[in-house]
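Here the structure comes first, spelled out in structure tokens, and everything after it is commentary.
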Amino acid sequence: MNRKKWLIIAAAAVLIAGLAGWWFLRRGNSGGGETAYVQRISTLNGGGVMLDRYAGVVESQQTADYKMDSGRTIETVFVKPGQTVETGTPLFRYSVTDAQNKVASANLEIENYNNQISVLSASGNSTDIQLQIRQLQYQIKVQEQEIAGYQKEIENADVKSAIDGVVKTVNETGLNAEGMEAPVVTVAEIGEFRVKGKVSEQSVGMFYEGMGVFVRSRVNENQVWRGEISSVSNEPESNENNYYYGGGGESSSKYPFYITLESTDGLMLGQHVYIEPDLGQGEAKEGLWLDMSFISYEDDGTPYVWCGTSGKLKKAKVTLGEMDGETGQMEILEGLSEDDLIGWPDETWHEGMKAVSVEGE
């Protein structure tokens, strides 16, 4: 789904909510005579579009997972979560006791094979003896190859970081709570950040690569970073560490998506933030714009808006400009100001009837 469809859905939601509130006010006061309820334009426009927010967390652009090799055991873990490491820093060490024992055992086998070869060589030079010697020499080569593998394990017992970063997690068992394989150490790269969010399976179709978003601080609403979605996963994550918020579908599977930011100034690794789809809320329009539902027309086609002035309802003729097809708004060139009180048209309204502000003014 593209931005235009997002905007249409959001604008429709606001309009429906507003009409419902208007109907409630009218119905609740129907016994008090003819009354028109109006609202200040600046309040309407300032209210903006009520957006779903998706919680996210700041993470590094790259993470490196270091898992335990099958059949090996860990002797020592050298690092702790939060520790800064450089490329080449030892993270953990495998136990080499088993490899050392196998090297010793293989050397004994080689010694035994050499002794057998010596005895056979001294007993003659028949074809059968030569065949037995070649078989023993082959077994020696097999043992030497195994020793080389064990020596490599011993020499590479220390697992080292391949990047400069910060240790995110340490799990000495190499298994998660379900007994499945998990990283022993995870290192997050130091450098540019990205933001990870999650969305329900009902809404994941509305997110796409390249979609503009705003990332907003949870502490300071006015601290905002622009970015765009760099990828959306096709595979759901488990419910563990669920960052999803808002938009409904709390019990459904969550799909991770990732955001690349224009700037990461002021963000910290691990910081929790809000994510909002970019529906134009960051692009203030010049001039005065109203939803088209506010605009009525005389029989001759002259546009007007119902206004509340000095407690009375009257028609205010307006001059229209451009129409925004994405938001369903019309530009008002003349006839109104941000301070005017206006209302949604009603077939029972007429000039001179009582006008009351819904804001209690």
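The values are calculated or read from the model by the stated rules, or taken from the named source; none is laboratory data. All values derive from a computational prediction rather than experimental measurement. Cβ atoms come from the backbone with ideal geometry, glycine included; neighbour counts cover every protein chain shown.
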Would it be correct to say that Gly325 is surrounded by fewer than 19 Cβ atoms within 10 Å (Cβ to Cβ), touching a helix residue (DSSP H, G or I) at 6+ places or on another chain (Cβ under 9 Å) and at pLDDT below 85? yes
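Quick test for you: out of Gly82, Gly88, Gly71, pick the one residue that is more than 35 Å from the chain's Cα centre (by Cα) and on the phi > 0 side of the Ramachandran plot.
Step by step, each of Gly82, Gly88, Gly71 is checked, and only Gly71 is more than 35 Å from the chain's Cα centre (by Cα) and on the phi > 0 side of the Ramachandran plot.
Conditions tested, residue by residue: (1) in contact with a Lys or Arg (Cβ under 6 Å, 6 or more places away or on another chain); (2) at pLDDT 95 or above; (3) under 30 Å from Gly191 (Cα atoms); (4) assigned by TED's automatic domain parsing to the domain that holds Leu269.
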site: Pro81; (1), (2), (3), (4): no, no, yes, no
site: Pro90; (1), (2), (3), (4): yes, yes, yes, no
site: Glu111; (1), (2), (3), (4): no, yes, no, no
site: Val119; (1), (2), (3), (4): no, no, no, no
site: Ser126; (1), (2), (3), (4): no, no, no, no
site: Ile133; (1), (2), (3), (4): no, no, no, no
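Just checking, which of Gly301, Gly287, Gly352, Gly360 is over 41 Å from the mean Cα position of the chain (by Cα), on the phi > 0 side of the Ramachandran plot and at pLDDT below 85?
Answer to the selection: Gly360.
Any residue at all in the stretch 173-181 that is of a type in the set (Ser, Thr, Tyr) and either closer than 18 Å to Gly88 by Cα or modelled with pLDDT of 90 or more (or both)?
The answer is no; no qualifying residue exists.
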Test Leu333 against the stated conditions and say whether it is aliphatic (A, V, I, L, M), modelled with pLDDT of 90 or more and farther than 19 Å from Ala36 by Cβ. yes
For the stretch 73-108, which residues satisfy the criterion of being exposed (fewer than 15 other Cβ atoms within 10 Å of the Cβ) and of a type in the set (A, V, I, L, M, F, W, C)? Ala104, Leu108
